[in-house]
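Below you'll find the structure, written out as structure tokens, and then a few comments.
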Amino acid sequence: MKVQNMVSPNGNKTANQFEVRDDQGNIYFQSYDTIIAKVDNQGKTTLDAKMWDYSTTTGKYRNQFLGESKAETLKKIKSGEYKLADLNKK
């Protein structure tokens, strides 16, 4: 696993927002200890059903990770392009 701090709009590394890459080529957006989104090695996106829209800060970095606005994300969830699942099974 390779963990990298995300970068804020002013160019600073964030303390609690991460991009994680695994050995299978999947990329995750992690906020604190919670996986928010996964883009698998086929390019398919899955969002955590409970936490994908947890807070304003999480949303800001989720948008940055996905390269889109919340409205665009909602459209993709509604259309079925993005799946919702439990990405934080304990």
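Each reported figure results from applying straightforward, stated rules to the coordinates on display, with no laboratory input. In this text the structure is predicted, and so the values were computed from the model without any measurement. Note that each Cβ is placed from the backbone with ideal geometry, even for glycine, and that neighbours are counted across all protein chains shown.
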>> Going by amide H atoms built from the backbone, whose H comes under 5 Å of the H on D53, apart from near neighbours?
In response: none
> Who wins for biggest fluctuation among G11, G25, G67 in a Gaussian network model of the chain, springs between alpha carbons below 10 Å?
Replying inline: G11
> For segment 83-90, what does the Karplus curve 6.51 cos²θ - 1.76 cosθ + 1.60, with θ = phi - 60°, yield as ³J(HN,Hα) per residue in whole Hz, taken in order and with x for Gly and Pro?
Replying inline: 9, 10, 7, 8, 8, 10, 4, 9
>> Can you list residues from other chains, or at least 5 along the same chain, whose modelled amide H is less than 5 Å from the amide H of M6?
In response: T14, Q17, F18, E19
>> Using the basic label-point model (7 angstrom from Cα toward the beta carbon), what is the T34 to V20 distance in nanometres?
In response: 1.4
